[in-house]
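Data first, discussion second: the structure below is written as structure tokens.
The values are calculated or read from the model by the stated rules, or taken from the named source; none is laboratory data. Owing to the predicted nature of the structure, the values given are computational and were not obtained by experimental measurement. Here the Cβ is made from the backbone with ideal geometry for all residues, glycine too, and neighbour counts use every protein chain on show.
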Amino acid sequence: MKNISIFFLILLFACGLFISVRATAQDRTVIAGIPVNYDESQAGDYKATLPDPLLMLNGQEVKTAKEWYNKRRPEILRLFEEHQYGKWPAKKPKLRYTVEEDMGFDGTAIRKQVTIFFSPNDDGPKVDVLIYIPINANEPVPLLLNLGFSANNLTVNDPGIKPGMVWDARTKTQSVSNALATRPGGGSRMNDYIKSFLKEGFGFATLNYSNIDPDFLGGATLGVRGLYLKPGQEEPAPNEWGAISAWAWGVSIVIDYFEKDKSINAKRIAITGASRLGKTVMWTGAREPRVAMVLASCSGEGGAAISRRNFGETVAHLTEATRYPYQFAANYGNYGADVTKLPVDAHMLVALIAPRPLLLQTGTTDNWSDPKGEFLAAVEAGKVYRLLGKDDLGATELPNPDQPILNTLGYFMHEGGHGTIPLDWEVYLEFMKRYL
């Protein structure tokens, strides 16, 4: 009993320390040796060098939807591939998967556990996708795919979920996680979210993103990127995929499976993820036209926040050698010292998702991710949504907290910090009901 008490004291201390570090990280003025600015008066004039999403590289103005789709959009997509996220392979592997189907949540939903293999080798990279379908569905259902940070059995608290594989960044090895998602705010809370979507007739799926490609420095040989490296090659070429592009590529293959599942309406797939996975769903939506809706949480720098604003995290912070350079094409690091030379910015990423519904969700105190920068990116991308016959934000001033803008191009800022809270999921559901 004494040992158990000591264990819980240590656990509480560790949790408190984590929360404290998370809470004070945004107050630091230097991170990874690079200054951080949180003063709006010092954010700079981003508009002075911001590329026009409707002005082609040859100086021609885009005036029609046809010109956007046939000329400017492909041009912008290539720029993002070359300079930020990296190209993914032109040829995907033959889809190979296994399916286990039973009843979930005490018989109140159809549960499928799908393992998708990315290579012919059963021991190679693979991802487990946990899917719930409303039990009373009599036709294929629209579905929300959640990119999660944990194994499925740590994300959802439902007996019978297969134990998932998790990476150890220190040893660069995988092991099976046998724990259940019973922690406060963990699986039990996700259960509530899933059930609310099922009640409204939506399917819900979740996966562990790091099963596609590991999320640490030196991991390129261990996931799907390793399948395409040449013998002796340890990193992709400077314009080839970083981990974010690899995760997005994996989502594209998951959608290949959705197209074969008769219980899912693959033309009505929404995707969501937070933080680095917010960046991932943004790039997936830009790169994968079969995504019908994007719900991006706190994607920040490298995602939906304008890079030319010197506020919070910057390209220099992201690509600093000890932090997250592996998440992007190596070329992205060329712009840390002078982001004005970057030929793209976040408003162009937002524009690549047009005319499909996009909701940018942020938090009032998440200054590191620059919630205002995300709003301004959406404002700047509005001209593309209008060109394609859809509504833009309909606002140019940052809305009050907890006041959602639910136009086709939407924005919601909860009162609080980084990531999602229950209110965000309520807004997600309302957004899906409105557009899917």
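Side notes on the structure shown:
- Test: residue in segment 344-351 that is in contact (Cβ under 8 Å) with a residue 40 or more places away in the chain and in a loop (DSSP other than H, G, I, E, B): yes
- Only residues that are over 30 Å from R434 (Cα atoms) and modelled with pLDDT of 95 or more were counted across segment 175-199, and they come to 0.
- Leading residue by the ranking (farthest from T284 (Cα to Cα)) among those in segment 326-362 that are surrounded by fewer than 19 Cβ atoms within 10 Å (Cβ to Cβ) and under 20 Å from the mean Cα position of the chain (by Cα): A330
- Restricting T206, T171 to residues that are in a strand (DSSP E or B), modelled with pLDDT of 95 or more, assigned by TED's automatic domain parsing to the domain that holds I271 and not aromatic (F, W, Y) narrows the list to T206.
- Boolean, D392 is surrounded by 19 or more Cβ atoms within 10 Å (Cβ to Cβ), without any contact (Cβ under 8 Å) to a residue 40 or more places away in the chain and part of a loop (DSSP other than H, G, I, E, B): yes
- Where a residue in segment 84-96 is in the same structural domain as P238 (by TED's automatic domain parsing) and surrounded by fewer than 17 Cβ atoms within 10 Å (Cβ to Cβ) and its partner, wherever it lies, is part of a strand (DSSP E or B) and of a type in the set (F, W, Y), with Cβ under 8 Å and at least six apart: R96/F117
- Any hit, segment 100-107, residues being of a type in the set (G, A, S) and either surrounded by fewer than 13 Cβ atoms within 10 Å (Cβ to Cβ) or not in a strand (DSSP E or B) (or both): yes
- The number of residues in segment 415-436 being over 18 Å from N367 (Cα atoms) and in a loop (DSSP other than H, G, I, E, B) comes to 1.
- Failed condition for K279, given (1) among the basic types (K, R); (2) touching a His at 6+ places or on another chain (Cβ under 8 Å); (3) assigned to a helix (DSSP H, G or I): (2)
- Residues that are of a type in the set (S, T, Y), more than 10 Å from the chain's Cα centre (by Cα) and surrounded by 19 or more Cβ atoms within 10 Å (Cβ to Cβ), drawn from segment 228-278: S245, Y257
- Within segment 111-140, the residues that satisfy the criterion of being buried (at least 20 other Cβ atoms within 10 Å of the Cβ) and either at pLDDT below 95 or aliphatic (A, V, I, L, M) (or both) are V114, I116, V127, V129, L130, I131, I133.
Each row is one residue, and each column tells you yes or no for (1) within 30 Å of L144 (Cβ to Cβ); (2) out of contact with any strand residue (DSSP E or B) (no Cβ under 9 Å at 6 or more places or on another chain); (3) assigned by TED's automatic domain parsing to the domain that holds G223.
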position: G302; (1), (2), (3): yes, yes, yes
position: G312; (1), (2), (3): yes, yes, yes
position: A316; (1), (2), (3): no, no, yes
position: Q327; (1), (2), (3): yes, yes, yes
position: N331; (1), (2), (3): no, yes, yes
position: Y335; (1), (2), (3): no, yes, yes
position: T340; (1), (2), (3): no, yes, yes
position: D345; (1), (2), (3): yes, yes, yes
position: L360; (1), (2), (3): yes, no, yes
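- From the options A151, A205, A237, residue that is under 18 Å from Y326 (Cβ atoms) and among the hydrophobic types (A, V, I, L, M, F, W, C): A237
- Some residue of segment 288-297 being in a helix (DSSP H, G or I), of a type in the set (A, V, I, L, M, F, W, C) and in the same structural domain as L227 (by TED's automatic domain parsing): no
- A305 of a type outside the set (S, T, N, Q), outside any loop (DSSP other than H, G, I, E, B) and under 20 Å from S41 (Cα atoms): no
- Filter result for T408 (at pLDDT 95 or above, over 24 Å from R308 (Cβ atoms), in contact with a strand residue (DSSP E or B) (Cβ under 7 Å, 6 or more places away or on another chain) and crowded, with 16+ Cβ neighbours inside 10 Å): no
- Number of the exception - F412 against (1) assigned to a helix (DSSP H, G or I); (2) within 20 Å of the chain's Cα centre (by Cα); (3) closer than 17 Å to M293 by Cα; (4) hydrophobic (A, V, I, L, M, F, W, C): (1)
- Every listed requirement among (1) in contact with a helix residue (DSSP H, G or I) (Cβ under 9 Å, 6 or more places away or on another chain); (2) under 24 Å from L409 (Cβ atoms); (3) without any contact (Cβ under 8 Å) to a residue 60 or more places away in the chain is met by K341 save one, (2).
- Hits in segment 237-283 (condition: touching a residue at least 60 places away in the same chain (Cβ under 8 Å) and among the acidic types (D, E)): E240, D256, D261
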